[in-house]
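I have a structure I would like to understand better, so I am pasting it below and will then ask my questions one at a time.
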Amino acid sequence: MAMTLITTNTSSNASASAFTSSIDSTYKLYIFKFIDINPATDNVNFQWQVSTDGGSGYTSLTTTSTAFAAGHGEDDSGGSLGYSSSDDLAQSTSAITICSASGNDADQSIAGELHLFNPSDTTYVKHFYSRVNNSHTSDHVQDAYGGGYVNSTSDVDAVRFIMSSGNFDGTIKMYGVG
């Protein structure tokens, strides 16, 4: 199946990057690609939220998710692989963490993607998964994985990306597949 670029958001010192149109029944899969996302604040989480009212509100839908990450030090110090309990949600309306503790040095950024399945379906919950590579605040690379579902049969029609604190620079592209 072919990917179709729908829109590109390029942010500079932005508090959010929102996609408030073109998430509809045209595609069964939407992929968001993150390119050189750099937070203004050190040690923050890159997160996302969904809306059912075109982006007027983002905190009403419950989500269940899980996360794990692999890491390796910039100075070749120890590797790690583990469950990220602080990044998962259990029927929560909080923002969904894509990756945690991102650094804001000039050479640090986030790159990866989020897959959101069938957001317009009004019968089933909305499944998702993400994989990103980010420069952790403690100068190690982190390969972060997440997945779960938005526990709602409502039509999801908007998505926004935020940092847990502060603004960010970078590009996010939204594609439709199918």
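Where a number appears in this text, it was derived from the coordinates with a stated rule and is not lab data. Please read all numbers here as calculations on a predicted model, not as lab measurements. Backbone-built Cβ (ideal geometry, glycine too); neighbour counts: all protein chains shown.
Roughly how many whole Å is it from the C-alpha centroid of the stretch 101-147 to that of the stretch 12-28?
Cα centroid of the stretch 101-147 versus Cα centroid of the stretch 12-28: 16 Å apart.
Over the stretch 112-175, what number does the Rg to Rh ratio reach, with both radii from the alpha-carbon atoms and Rh per Kirkwood?
1.03
What FRET efficiency, computed as 1/(1 + (r/R0)^6) with R0 = 22 Å and r the Cβ-Cβ distance, is obtained for Lys33 and Tyr149, rounded to the nearest 0.05?
Plugging the Cβ-Cβ distance into 1/(1 + (r/R0)^6) gives 0.55.
Further question: Calculate the tail of P(r) for the chain: the fraction of all Cα-Cα distances greater than 25 Å, expressed in %.
29 percent
Here's a follow-up. Rounded to a whole number, what is D in µm²/s for the stretch 42-126 from Stokes-Einstein with the Kirkwood radius over alpha-carbon pairs (25 °C, 0.890 mPa s)?
Estimated diffusion coefficient is 162 µm²/s.
Please work out whether the stretch 106-148 counts as rounded, prolate or oblate from its C-alpha gyration tensor, where a ≥ b ≥ c are the square roots of the eigenvalues and a/c under 1.5 means rounded, while otherwise a/b larger than b/c means prolate and anything else oblate?
prolate
Non-local amide H neighbours of Asn104 (under 5 Å, H modeled in plane, Pro and chain starts lacking H): which ones?
Those qualifying (amide H under 5 Å, at least 5 residues apart or on another chain) are Asn43.
Sticking with this one: Tell me, what ³J(HN,Hα) does each residue in the stretch 152-169 have, in order and in whole Hz, if you take phi through Karplus 6.51 cos²θ - 1.76 cosθ + 1.60 with θ = phi - 60° and put x for Gly and Pro?
8, 9, 6, 6, 7, 10, 8, 9, 10, 10, 9, 9, 5, 7, x, 9, 7, 10
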